[in-house]
1. Given +1 on the Cβ of Lys and Arg, -1 on the Cβ of Asp and Glu, and no further charges, what dipole in debye does region 301-405 carry about its Cα centre, rounded to the nearest 20?
2. Rounded, prolate or oblate: which fits region 1-151 when a ≥ b ≥ c are the square roots of the eigenvalues of the alpha-carbon gyration tensor, with rounded for a/c under 1.5 and prolate only if a/b beats b/c?
3. Decide, for region 231-369, between rounded, prolate and oblate: order the square roots of the alpha carbon gyration tensor eigenvalues as a ≥ b ≥ c, take rounded if a/c falls under 1.5, and otherwise choose prolate if a/b is larger than b/c, else oblate.
4. What number, in nm² with one decimal, is the all-direction average of the projected area of the convex hull of the alpha-carbon atoms of region 88-241?
5. How big is the Kirkwood radius of region 169-224, worked out from every pair of different alpha carbons and given in Å to one decimal?
6. Find the percent of Cα-Cα distances in region 47-107 that exceed 12 Å, and round it to a whole number.
7. Quick one: of the DSSP bridges fully inside region 232-306, what percent are antiparallel, nearest 5?
8. At q = 0.09, 0.10, 0.12, 0.13 Å⁻¹, what log₁₀ I(q)/I(0) does a Debye calculation on the Cα points of the chain give, no solvent, two decimals?
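The values are calculated or read from the model by the stated rules, or taken from the named source; none is laboratory data. Keep in mind the model is a prediction, meaning the values are calculated, not measured. Here the Cβ positions follow ideal geometry from the backbone for every residue, glycine too, while neighbour counts run over all protein chains shown. Only protein heavy atoms, including side chains, enter the accessible area calculation; ligands, DNA and RNA are left aside. Shrake-Rupley method; radii C 1.70, N 1.55, O 1.52, S 1.80 Å.
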Amino acid sequence: MEFKGIEFDTYFKHYPNQEGFFGKYGGCYISEDLQKAMEEIREAYFTICKSRKFISELRRIRQEFQGRPTPISYLERLSGSLGNVQLYVKREDLNHTGAHKLNHCMGEALLAKYMGKKKVIAETGAGQHGVALATAAAYFGLECDIYMGTEDIKKQAPNVARMKILGANVVEVTEGQATLKEAVDAAFAAYAKEYKDCIYCIGSVLGPHPFPMMVRDFQSVVGIEAREQFLNMTGELPDAVVACVGGGSNAMGMFSGFLNDPVEIYGIEPLGRGTALGDHAASLKYGTEGIMHGFNSIMLKDENGEPAPVYSVASGLDYPSSGPEHAFLHDLGRVKYDVINDEETIDAFFKLARLEGIIPAIESAHAVAYGMKLAKQMGTGSVLINLSGRGDKDMDYIIEHYGIR
(Lines give C-alpha, C1' and ligand atoms only; values in the text may rest on other atoms or scores of the structure.)
Protein backbone atom coordinates (compact mmCIF):
# COMPACT_ATOMS: atom_id res chain seq x y z
CA MET A 1 0.00 0.00 0.00
CA GLU A 2 1.32 3.45 -0.97
CA PHE A 3 0.16 6.59 0.80
CA LYS A 4 1.50 10.02 -0.21
CA GLY A 5 4.64 8.48 -1.62
CA ILE A 6 5.28 6.21 1.37
CA GLU A 7 5.40 2.47 0.64
CA PHE A 8 3.92 0.97 3.78
CA ASP A 9 4.93 -2.59 2.90
CA THR A 10 8.55 -1.52 3.53
CA TYR A 11 7.75 1.26 6.02
CA PHE A 12 9.42 -0.30 9.06
CA LYS A 13 12.70 -0.76 7.16
CA HIS A 14 12.95 2.98 6.51
CA TYR A 15 11.33 4.69 9.51
CA PRO A 16 12.99 5.83 11.57
CA ASN A 17 16.19 6.45 9.63
CA GLN A 18 19.64 5.85 11.15
CA GLU A 19 19.50 9.17 13.03
CA GLY A 20 16.12 8.31 14.50
CA PHE A 21 13.94 10.57 12.37
CA PHE A 22 10.44 9.95 11.07
CA GLY A 23 10.54 12.61 8.39
CA LYS A 24 11.45 15.75 10.34
CA TYR A 25 10.32 14.36 13.70
CA GLY A 26 12.32 12.40 16.24
CA GLY A 27 16.10 12.59 16.60
CA CYS A 28 18.22 12.71 19.74
CA TYR A 29 18.48 16.20 21.29
CA ILE A 30 20.31 15.54 24.54
CA SER A 31 23.60 16.28 26.33
CA GLU A 32 26.87 14.78 25.17
CA ASP A 33 27.04 12.38 28.14
CA LEU A 34 23.54 11.11 27.47
CA GLN A 35 24.31 10.90 23.75
CA LYS A 36 26.91 8.29 24.63
CA ALA A 37 24.40 6.46 26.80
CA MET A 38 21.84 6.44 23.96
CA GLU A 39 24.49 5.17 21.54
CA GLU A 40 25.24 2.32 23.95
CA ILE A 41 21.54 1.42 24.18
CA ARG A 42 21.08 1.73 20.42
CA GLU A 43 24.10 -0.47 19.66
CA ALA A 44 22.98 -3.08 22.18
CA TYR A 45 19.42 -3.12 20.83
CA PHE A 46 20.50 -3.50 17.21
CA THR A 47 22.93 -6.23 18.25
CA ILE A 48 20.40 -8.38 20.05
CA CYS A 49 17.00 -7.50 18.54
CA LYS A 50 17.61 -9.99 15.72
CA SER A 51 19.25 -12.51 18.04
CA ARG A 52 17.52 -15.88 18.20
CA LYS A 53 18.32 -16.10 21.93
CA PHE A 54 16.80 -12.67 22.71
CA ILE A 55 13.71 -13.25 20.56
CA SER A 56 13.13 -16.73 21.95
CA GLU A 57 13.45 -15.49 25.52
CA LEU A 58 11.03 -12.60 24.90
CA ARG A 59 8.51 -14.92 23.27
CA ARG A 60 8.76 -17.34 26.18
CA ILE A 61 8.20 -14.50 28.68
CA ARG A 62 5.19 -13.23 26.73
CA GLN A 63 3.56 -16.65 26.66
CA GLU A 64 4.47 -18.01 30.09
CA PHE A 65 4.55 -14.85 32.21
CA GLN A 66 2.49 -12.16 30.49
CA GLY A 67 -0.32 -14.42 29.25
CA ARG A 68 -0.05 -13.50 25.59
CA PRO A 69 -1.66 -13.56 23.16
CA THR A 70 -4.44 -11.44 24.66
CA PRO A 71 -7.86 -12.08 23.07
CA ILE A 72 -10.25 -9.95 21.05
CA SER A 73 -13.75 -9.62 22.50
CA TYR A 74 -16.88 -8.85 20.49
CA LEU A 75 -19.03 -6.20 22.21
CA GLU A 76 -22.45 -7.55 21.27
CA ARG A 77 -24.65 -5.56 23.68
CA LEU A 78 -22.79 -2.27 23.27
CA SER A 79 -22.86 -2.69 19.48
CA GLY A 80 -26.59 -3.40 19.56
CA SER A 81 -27.26 -0.28 21.60
CA LEU A 82 -25.61 1.89 18.94
CA GLY A 83 -26.94 0.48 15.66
CA ASN A 84 -25.55 -1.92 13.08
CA VAL A 85 -21.79 -1.34 13.42
CA GLN A 86 -19.99 -4.16 15.21
CA LEU A 87 -17.52 -3.16 17.94
CA TYR A 88 -14.58 -5.30 19.04
CA VAL A 89 -11.85 -4.70 21.61
CA LYS A 90 -8.28 -6.00 21.80
CA ARG A 91 -8.00 -7.02 25.45
CA GLU A 92 -4.68 -5.57 26.62
CA ASP A 93 -6.40 -5.21 29.99
CA LEU A 94 -5.90 -8.98 30.28
CA ASN A 95 -2.13 -8.70 29.79
CA HIS A 96 -0.32 -9.30 33.11
CA THR A 97 -0.31 -6.11 35.27
CA GLY A 98 -3.47 -4.99 33.46
CA ALA A 99 -2.20 -2.95 30.52
CA HIS A 100 -0.09 -2.95 27.36
CA LYS A 101 2.87 -1.40 29.20
CA LEU A 102 4.41 -4.75 30.17
CA ASN A 103 5.03 -5.49 26.47
CA HIS A 104 7.87 -2.99 26.27
CA CYS A 105 8.91 -3.10 29.92
CA MET A 106 9.84 -6.77 29.73
CA GLY A 107 11.73 -6.03 26.53
CA GLU A 108 13.57 -3.06 28.01
CA ALA A 109 14.42 -4.92 31.22
CA LEU A 110 15.66 -7.91 29.22
CA LEU A 111 17.82 -5.48 27.23
CA ALA A 112 19.15 -3.98 30.49
CA LYS A 113 20.02 -7.46 31.72
CA TYR A 114 21.92 -8.25 28.52
CA MET A 115 23.80 -4.93 28.87
CA GLY A 116 24.87 -5.79 32.42
CA LYS A 117 22.90 -2.94 34.02
CA LYS A 118 21.87 -3.24 37.66
CA LYS A 119 19.00 -0.76 37.75
CA VAL A 120 16.10 0.60 35.73
CA ILE A 121 14.69 4.13 35.99
CA ALA A 122 11.38 5.37 34.63
CA GLU A 123 8.61 7.93 34.89
CA THR A 124 4.93 7.12 35.18
CA GLY A 125 1.65 9.03 34.98
CA ALA A 126 -1.28 6.66 35.43
CA GLY A 127 1.07 4.23 37.15
CA GLN A 128 0.61 1.43 34.62
CA HIS A 129 4.12 1.89 33.21
CA GLY A 130 5.51 2.11 36.73
CA VAL A 131 3.78 -1.10 37.79
CA ALA A 132 4.91 -2.86 34.61
CA LEU A 133 8.53 -1.81 35.04
CA ALA A 134 8.50 -2.68 38.74
CA THR A 135 7.19 -6.10 37.71
CA ALA A 136 9.91 -6.51 35.08
CA ALA A 137 12.58 -5.42 37.57
CA ALA A 138 11.36 -7.97 40.11
CA TYR A 139 11.33 -10.67 37.43
CA PHE A 140 14.92 -9.97 36.35
CA GLY A 141 16.33 -9.05 39.78
CA LEU A 142 17.00 -5.38 39.00
CA GLU A 143 16.72 -2.31 41.21
CA CYS A 144 13.94 0.08 40.17
CA ASP A 145 13.28 3.81 40.68
CA ILE A 146 9.92 5.19 39.50
CA TYR A 147 9.40 8.97 39.30
CA MET A 148 5.79 10.10 39.69
CA GLY A 149 4.17 13.50 40.15
CA THR A 150 2.36 14.34 43.38
CA GLU A 151 -0.96 14.84 41.58
CA ASP A 152 -0.75 11.47 39.88
CA ILE A 153 0.25 9.79 43.14
CA LYS A 154 -3.00 11.10 44.65
CA LYS A 155 -5.10 9.91 41.69
CA GLN A 156 -3.44 6.52 41.32
CA ALA A 157 -2.97 5.26 44.88
CA PRO A 158 -3.61 1.57 44.01
CA ASN A 159 -0.80 1.57 41.44
CA VAL A 160 1.56 3.35 43.83
CA ALA A 161 0.92 0.57 46.36
CA ARG A 162 1.54 -2.09 43.70
CA MET A 163 4.89 -0.55 42.76
CA LYS A 164 6.01 -0.51 46.37
CA ILE A 165 4.88 -4.09 46.97
CA LEU A 166 6.91 -5.13 43.92
CA GLY A 167 9.99 -3.55 45.47
CA ALA A 168 10.24 -0.33 43.47
CA ASN A 169 11.35 2.96 44.98
CA VAL A 170 8.61 5.50 44.13
CA VAL A 171 10.12 9.00 43.96
CA GLU A 172 7.57 11.79 44.40
CA VAL A 173 7.98 14.78 42.06
CA THR A 174 6.57 18.04 43.42
CA GLU A 175 7.77 20.59 40.84
CA GLY A 176 5.48 22.43 38.41
CA GLN A 177 2.11 20.78 37.84
CA ALA A 178 3.53 17.63 39.48
CA THR A 179 2.22 15.37 36.70
CA LEU A 180 3.73 13.34 33.86
CA LYS A 181 5.94 16.00 32.25
CA GLU A 182 7.61 16.82 35.56
CA ALA A 183 8.08 13.10 36.26
CA VAL A 184 9.90 12.75 32.93
CA ASP A 185 12.08 15.79 33.76
CA ALA A 186 13.06 14.28 37.10
CA ALA A 187 13.71 10.82 35.69
CA PHE A 188 15.98 12.23 32.96
CA ALA A 189 17.90 14.26 35.56
CA ALA A 190 18.42 11.15 37.68
CA TYR A 191 19.44 9.08 34.66
CA ALA A 192 22.08 11.66 33.68
CA LYS A 193 23.83 10.91 36.99
CA GLU A 194 23.46 7.12 36.92
CA TYR A 195 23.53 6.08 33.26
CA LYS A 196 26.67 3.94 33.60
CA ASP A 197 24.93 1.50 35.92
CA CYS A 198 21.30 1.77 34.81
CA ILE A 199 19.00 2.16 31.86
CA TYR A 200 16.14 4.65 31.49
CA CYS A 201 13.11 2.67 30.39
CA ILE A 202 10.96 5.31 28.71
CA GLY A 203 7.27 4.58 29.03
CA SER A 204 6.06 5.46 25.56
CA VAL A 205 7.07 5.98 21.92
CA LEU A 206 8.83 9.22 22.76
CA GLY A 207 12.16 10.51 24.04
CA PRO A 208 15.49 10.46 22.19
CA HIS A 209 16.35 7.83 19.60
CA PRO A 210 16.27 4.80 19.86
CA PHE A 211 13.31 4.76 22.31
CA PRO A 212 10.46 5.71 19.93
CA MET A 213 11.57 2.87 17.66
CA MET A 214 12.31 0.36 20.44
CA VAL A 215 9.03 0.86 22.26
CA ARG A 216 7.09 0.64 18.99
CA ASP A 217 8.90 -2.58 18.10
CA PHE A 218 8.13 -4.15 21.48
CA GLN A 219 4.50 -3.00 21.33
CA SER A 220 3.95 -4.16 17.72
CA VAL A 221 2.95 -7.55 19.12
CA VAL A 222 -0.45 -5.96 19.87
CA GLY A 223 -1.18 -5.10 16.24
CA ILE A 224 0.34 -8.30 14.86
CA GLU A 225 -1.85 -10.41 17.15
CA ALA A 226 -4.95 -8.28 16.58
CA ARG A 227 -4.77 -8.45 12.79
CA GLU A 228 -4.46 -12.24 12.75
CA GLN A 229 -7.15 -12.69 15.40
CA PHE A 230 -9.64 -10.41 13.68
CA LEU A 231 -9.18 -12.20 10.35
CA ASN A 232 -9.69 -15.54 12.09
CA MET A 233 -12.82 -14.28 13.88
CA THR A 234 -14.54 -12.52 10.98
CA GLY A 235 -12.77 -13.49 7.75
CA GLU A 236 -11.98 -9.87 6.97
CA LEU A 237 -10.17 -6.82 8.29
CA PRO A 238 -11.94 -4.22 10.44
CA ASP A 239 -13.17 -1.09 8.69
CA ALA A 240 -11.62 1.07 11.39
CA VAL A 241 -9.01 0.72 14.15
CA VAL A 242 -9.05 3.05 17.17
CA ALA A 243 -6.62 3.69 20.04
CA CYS A 244 -6.06 6.46 22.57
CA VAL A 245 -2.95 8.63 22.24
CA GLY A 246 -0.95 10.35 24.97
CA GLY A 247 2.68 9.59 24.27
CA GLY A 248 1.22 6.91 22.05
CA SER A 249 2.73 3.48 22.80
CA ASN A 250 -0.49 1.46 22.82
CA ALA A 251 -1.61 3.21 19.64
CA MET A 252 1.64 2.60 17.74
CA GLY A 253 1.55 -1.01 18.85
CA MET A 254 -1.96 -1.45 17.46
CA PHE A 255 -1.45 0.71 14.34
CA SER A 256 1.71 -1.19 13.39
CA GLY A 257 -0.37 -4.18 12.39
CA PHE A 258 -2.62 -2.24 10.02
CA LEU A 259 -0.60 0.56 8.38
CA ASN A 260 -0.27 -1.41 5.15
CA ASP A 261 -3.97 -2.33 5.01
CA PRO A 262 -7.01 -0.52 3.54
CA VAL A 263 -8.23 0.28 7.06
CA GLU A 264 -9.14 3.66 8.55
CA ILE A 265 -6.96 4.34 11.60
CA TYR A 266 -7.87 6.79 14.37
CA GLY A 267 -5.71 8.10 17.21
CA ILE A 268 -7.74 9.71 19.99
CA GLU A 269 -6.38 12.50 22.18
CA PRO A 270 -7.88 13.94 25.39
CA LEU A 271 -9.90 17.14 24.90
CA GLY A 272 -10.41 17.28 28.65
CA ARG A 273 -12.54 20.26 29.71
CA GLY A 274 -12.36 22.14 26.39
CA THR A 275 -10.17 23.80 23.78
CA ALA A 276 -8.52 26.47 25.96
CA LEU A 277 -4.81 25.97 26.61
CA GLY A 278 -4.43 24.18 29.93
CA ASP A 279 -7.82 22.46 29.66
CA HIS A 280 -6.71 19.60 27.40
CA ALA A 281 -3.70 17.57 26.26
CA ALA A 282 -4.47 17.28 22.54
CA SER A 283 -1.03 18.14 21.15
CA LEU A 284 -1.53 16.73 17.65
CA LYS A 285 -4.84 18.56 17.30
CA TYR A 286 -3.75 21.96 18.64
CA GLY A 287 0.06 21.92 18.92
CA THR A 288 2.99 23.01 16.77
CA GLU A 289 6.44 21.61 16.09
CA GLY A 290 8.84 21.72 19.02
CA ILE A 291 11.58 19.92 20.94
CA MET A 292 11.23 18.54 24.47
CA HIS A 293 12.64 15.58 26.38
CA GLY A 294 15.20 14.90 23.67
CA PHE A 295 12.97 14.61 20.58
CA ASN A 296 11.28 16.80 17.99
CA SER A 297 7.53 16.38 17.58
CA ILE A 298 4.27 18.32 17.77
CA MET A 299 3.71 19.87 21.18
CA LEU A 300 1.52 22.29 23.08
CA LYS A 301 3.39 25.51 23.91
CA ASP A 302 2.80 28.48 26.19
CA GLU A 303 3.36 32.12 25.21
CA ASN A 304 7.11 31.68 25.69
CA GLY A 305 7.35 28.63 23.45
CA GLU A 306 7.83 26.31 26.43
CA PRO A 307 5.76 23.14 27.05
CA ALA A 308 2.30 24.32 28.07
CA PRO A 309 0.36 23.13 31.12
CA VAL A 310 -1.98 20.31 30.15
CA TYR A 311 -4.95 18.52 31.67
CA SER A 312 -6.76 15.23 31.21
CA VAL A 313 -9.02 13.15 33.44
CA ALA A 314 -6.64 10.32 32.46
CA SER A 315 -3.24 10.59 34.14
CA GLY A 316 -1.61 8.55 31.38
CA LEU A 317 -2.61 11.06 28.70
CA ASP A 318 -1.70 14.41 30.31
CA TYR A 319 1.53 15.03 28.36
CA PRO A 320 2.17 18.17 26.25
CA SER A 321 3.56 16.31 23.23
CA SER A 322 3.20 13.03 21.39
CA GLY A 323 5.58 10.47 19.97
CA PRO A 324 7.43 11.59 16.80
CA GLU A 325 6.04 8.74 14.72
CA HIS A 326 2.52 9.92 15.52
CA ALA A 327 3.48 13.42 14.37
CA PHE A 328 4.80 11.91 11.13
CA LEU A 329 1.67 9.82 10.52
CA HIS A 330 -0.43 12.87 11.38
CA ASP A 331 1.29 14.98 8.73
CA LEU A 332 1.01 12.17 6.17
CA GLY A 333 -2.68 11.82 6.94
CA ARG A 334 -2.35 8.03 7.18
CA VAL A 335 -3.72 8.17 10.72
CA LYS A 336 -6.59 10.51 11.57
CA TYR A 337 -6.20 12.14 14.98
CA ASP A 338 -9.29 13.37 16.78
CA VAL A 339 -10.39 14.21 20.32
CA ILE A 340 -12.78 13.02 23.03
CA ASN A 341 -13.65 15.10 26.09
CA ASP A 342 -13.91 14.06 29.74
CA GLU A 343 -17.69 13.71 29.77
CA GLU A 344 -17.74 11.44 26.71
CA THR A 345 -14.96 9.40 28.29
CA ILE A 346 -16.75 8.86 31.59
CA ASP A 347 -19.95 7.95 29.76
CA ALA A 348 -18.07 5.29 27.77
CA PHE A 349 -16.40 4.04 30.97
CA PHE A 350 -19.78 3.25 32.55
CA LYS A 351 -21.43 1.97 29.36
CA LEU A 352 -18.67 -0.59 28.74
CA ALA A 353 -18.85 -1.71 32.35
CA ARG A 354 -22.65 -2.00 32.46
CA LEU A 355 -23.22 -3.54 29.02
CA GLU A 356 -20.15 -5.77 28.67
CA GLY A 357 -18.77 -6.42 32.15
CA ILE A 358 -15.46 -4.73 31.32
CA ILE A 359 -14.16 -1.85 33.45
CA PRO A 360 -11.68 0.03 31.25
CA ALA A 361 -8.84 2.32 32.22
CA ILE A 362 -9.87 5.96 31.80
CA GLU A 363 -7.20 6.25 29.09
CA SER A 364 -8.76 3.37 27.15
CA ALA A 365 -12.25 4.80 27.68
CA HIS A 366 -11.26 7.67 25.35
CA ALA A 367 -10.85 5.12 22.54
CA VAL A 368 -14.08 3.33 23.49
CA ALA A 369 -15.95 6.65 23.42
CA TYR A 370 -14.63 7.41 19.94
CA GLY A 371 -15.48 3.90 18.75
CA MET A 372 -19.03 4.49 19.95
CA LYS A 373 -19.15 7.80 18.10
CA LEU A 374 -17.84 6.15 14.93
CA ALA A 375 -20.48 3.43 15.21
CA LYS A 376 -23.23 6.03 15.10
CA GLN A 377 -21.63 7.76 12.09
CA MET A 378 -20.72 4.73 9.98
CA GLY A 379 -24.07 2.95 9.85
CA THR A 380 -22.53 -0.42 8.97
CA GLY A 381 -19.15 -2.10 9.28
CA SER A 382 -16.77 -2.99 12.10
CA VAL A 383 -14.51 -1.11 14.52
CA LEU A 384 -11.60 -2.63 16.43
CA ILE A 385 -10.65 -0.69 19.58
CA ASN A 386 -7.46 -1.18 21.55
CA LEU A 387 -8.54 -1.59 25.17
CA SER A 388 -5.10 -0.64 26.45
CA GLY A 389 -5.72 -1.20 30.18
CA ARG A 390 -8.15 -2.11 32.92
CA GLY A 391 -9.79 0.37 35.25
CA ASP A 392 -9.01 -0.99 38.73
CA LYS A 393 -6.59 1.89 39.25
CA ASP A 394 -9.28 4.45 38.42
CA MET A 395 -12.30 3.30 40.40
CA ASP A 396 -11.69 5.30 43.59
CA TYR A 397 -11.07 8.44 41.54
CA ILE A 398 -14.18 7.87 39.39
CA ILE A 399 -16.42 7.28 42.40
CA GLU A 400 -15.06 10.33 44.24
CA HIS A 401 -15.45 12.72 41.31
CA TYR A 402 -18.33 11.27 39.28
CA GLY A 403 -20.22 8.93 41.61
CA ILE A 404 -21.93 5.77 40.36
CA ARG A 405 -24.02 6.38 37.26
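1. 600
2. Oblate shape, in that a/c is at least 1.5 and b/c is the bigger or equal ratio.
3. The shape class here is oblate.
4. Its Cα hull, projected and averaged over all orientations, spans 9.9 nm².
5. After inverting the mean inverse Cα-Cα distance, the result is 12.8 Å.
6. 71
7. About 50 percent, rounded to the nearest 5.
8. For the chain at q = 0.09, 0.10, 0.12, 0.13 Å⁻¹, log10 I(q)/I(0) is -0.47, -0.59, -0.88, -1.05.
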